[in-house]
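Report on the following structure.
The values are calculated or read from the model by the stated rules, or taken from the named source; none is laboratory data. Predicted model only: the values in this text are computed from it and were never measured. Using ideal geometry, Cβ is built from the backbone for each residue, glycine included, and neighbour counts are taken over all protein chains shown. The accessibility values were calculated without ligands, DNA or RNA, using every heavy atom of the protein model including side chains. Shrake-Rupley method; radii C 1.70, N 1.55, O 1.52, S 1.80 Å.
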Amino acid sequence: MPNTNPIADHVAAIPPSGIREFFELVQGRTDIISLGVGEPDFTTPWHIRESAIYALERGKTSYTSNLGLLNLRESISHYIAHFFGPTYRPDNEILITMGVSEALDLALRAIINPGDEIIYHEPCYVSYSPSIALTHGIPVAVECNSQMKFSVTAADIEAAITEKSKALILNFPTNPTGGTMTREELQAIANLAVKHNLIVITDEIYAELTFEGEHVSIASLPGMQERTILLHGFSKAYAMTGFRIGFGCGPESLIAAMTRIHQYSMLCASIVSQEAALEALRNGEEPMMEMREEYRQRRNLMVNALNEMGLTCHLPRGSFYAFPSVQSTGLDSKTFATRLLEAENVAAVPGTAFGDCGEGFLRCCFAAGFDQIEEAIERMARFVDNTKKG
Ligand SMILES: Cc1ncc(COP(=O)(O)O)c(C=O)c1O
């Protein structure tokens, strides 16, 4: 019997993104304050935009090398060595991609054989589980909780390891929880990766948006660089989501395998965006630090207010997300988010969009203006009050 479904089974099996599903409800509605989209409210700093314009004026409209512009790879190599620790060779250990999204997809496609298990921690970025499934891998979620401020323990990861385990995805600071890890906690996970011969894919897209203490990359720990693919990009800290520039750094063999896929699928990232990224690394540190300071103040405002209104929320050390519990209201995540939207026109994402263990939580993005956050908080407090009064 021929299969008449034009859509491949493994694609048809992928559920719609919980974020998209929720934002269908927001479409076409006015007077909404959105704490929903995980995107900086800042426009890309002017000097970076200007460098893109200037690149066009100079006729930079061609393909680049599959790996990306060499001078950008050289700048990335310096930047990563300076901020993250490890040194990568620009000629064969760095691949420039269309955002971290593409780099993640390439990394998974490069390493997964059908049936390989890929472990990741949940609640997590919405792409991980579908991206694994789309490459015929098996997603294995390890749950994190609010008592641990959404860090993940080596013991919990070890309990999920089987003989089919191929790789571990880490994302610290975490979308959607703002969870971070100490050096010691990461060291324990690094030891596990070595013991069980796991590849580590570390998505550190929020690294610069660490508000207190150091950001530690697992790639910088002893014995890890040779088994780690470090993913990073310009979307968040440099407010460059629309430029679609990210990169993967790792051992030559893994970067070569990723490049083999990239050269036949994407060919190269946009040259205009690569020029803009080059400018971001040349002169972007100060504006980036100014944005981070803004986010820090907004975080403090939002997290204090959430706790005051009875939505218990840990102080996220990184990212631009607060992840309060809504359990005190007696509502589940989706009901809370839907009713908040209906009653007060405030959009925030139900925690379940990021995995089942996000039940009871809400993701509130504080990459929104101060005034917007203040207004959203006032409306949320009123909603919580009214809900508790019944
Ligand atoms: C954890 C995480 N990784 C990757 C991405 C995708 O980033 P990019 O815009 O570089 O594709 C996001 C975007 O929200 C994210 O939160």
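Extent along the principal axes, Cα only, for region 46-282: 56, 40, 30 Å, with the longest axis given first. In the chain, the longest principal axis of the Cα atoms and the axis of helix 271-283 are about 80 degrees apart. Each of Cys144, Ala190, Tyr128 was scored by the projection of its Cα onto the charge dipole of the chain, and the greatest displacement toward the positive side belongs to Tyr128; charges sit on the C-beta of Lys, Arg, Asp and Glu.
Length gain on complete extension for the stretch Lys388 to Thr312, per 0.36 nm per residue less the alpha carbon to alpha carbon distance? Walk me through the numbers before you get to the answer.
Working: separation 76, 0.36 × 76 = 27.36 nm, distance 1.48 nm.
Here the segment from Lys388 to Thr312 would lengthen by 25.9 nm.
Using a 1.4 angstrom probe, figure out how much accessible area the chain has per residue, in square angstrom, rounded to the nearest whole. Walk me through the intermediate numbers first.
Numbers: 16580 Å² over 390 residues.
Computed with neighbouring chains in place, this is 43 Å² per residue.
Comparing Pro86, Ile169, Thr61 along the charge dipole axis of the chain, the residue lying farthest to the positive side is Thr61, per the Cβ-charge model. The magnitude of the dipole of the chain, with charges of +1 and -1 set on the Cβ of Lys/Arg and Asp/Glu and taken from the Cα centre, is near 320 debye. Here region 249-374 is assigned +1 on the Cβ of each Lys and Arg and -1 on the Cβ of each Asp and Glu. Its dipole about the Cα centre then comes out at about 320 debye.
The solvent-accessible area of Arg183, taken with every protein chain present and a 1.4 Å probe, is close to 100 Å².
If you add up the charges near Ala322, with Lys and Arg at +1 and Asp and Glu at -1, over every other residue whose beta carbon is less than 10 angstrom from its beta carbon, what do you get?
Working: positive: Arg298, Arg299, Arg363; negative: none.
Local net charge: +3.
For Glu184, Glu279, Glu308, Glu21, write out the residues from largest to smallest accessible area, computed with a 1.4 angstrom probe and no ligands counted. Provide the component values of the computation, followed by the final result.
Details: Glu184 130, Glu279 20, Glu308 160, Glu21 95 Å².
Result, largest first: Glu308, Glu184, Glu21, Glu279.
By the rule of a C-alpha distance below 17 Å, with chain neighbours fewer than 8 residues away ignored, the lysines paired with Lys195 are Lys164, Lys166.
Here the 3J(HN,Hα) profile of region 102-119, calculated from phi with Karplus coefficients 6.51, -1.76 and 1.60 at θ = phi - 60°, is 5, 4, 5, 4, 5, 4, 5, 5, 6, 10, 8, 9, x, x, 5, 9, 10, 8 Hz, Gly and Pro shown as x. The simple Förster model, with R0 at 41 Å and r as the Cβ-Cβ distance, assigns Leu25 and Glu293 a FRET efficiency of 0.75. Per-residue extension of 0.36 nm, minus the Cα-Cα distance of Thr335 and Ser17, leaves a gain of 112.8 nm for this segment. Here the chain exposes an accessible surface that is 51 percent carbon and sulfur, computed with a 1.4 Å probe and the other protein chains kept in place. Partners of Lys389 within straight-line reach, counting lysines whose Cα lies under 29 Å from its Cα and excluding those fewer than 8 residues away in the same chain: Lys334. When only the Cβ of Lys, Arg, Asp and Glu is charged (+1, +1, -1, -1), the dipole of region 1-96 relative to its Cα centre reaches about 260 debye. Remark: the Glu226-Ala155 segment gains 23.3 nm on full extension, using 0.36 nm per residue and subtracting the alpha carbon distance.
Net charge near Tyr88: determine it from the other residues with C-beta under 12 Å of the C-beta of Tyr88, scoring Lys and Arg +1 and Asp and Glu -1. If you can, show how the numbers build up before the last one.
On the way: positive: Arg73, Arg89; negative: Glu74, Asp91, Glu93, Glu226, Glu252.
Net charge around Tyr88: -3.
Of interest is the spacing of the C-alpha centroids, which for region 361-383 and region 149-166 amounts to 34 Å. Summary of the geometry: region 47-118 and region 291-310, compared by the centres of their Cα atoms, lie 33 Å apart.
Rg then Dmax, both in Å and based on the Cα atoms of region 169-226: 11.2, 33.
Sort 49-62, 4-17, 150-163, 330-343 for me by packing, meaning the mean count of neighbouring Cβ atoms within 10 Å per residue, highest on top.
On the way: 49-62: 13.2, 4-17: 9.6, 150-163: 16.4, 330-343: 18.0.
Ranked from most to least packed, the peptides come out as 330-343, 150-163, 49-62, 4-17.
For the pair Trp46 and Asn5, label points projected 7 Å from Cα toward Cβ lie 5.4 nm apart.
Do you know the relative contact order of region 46-282, to the nearest whole percent, from alpha carbon pairs under 8 angstrom that are 6+ apart?
Working: 435 pairs, mean separation 72.4, N = 237.
Once divided by the residue count of region 46-282, the mean separation gives 31 percent.
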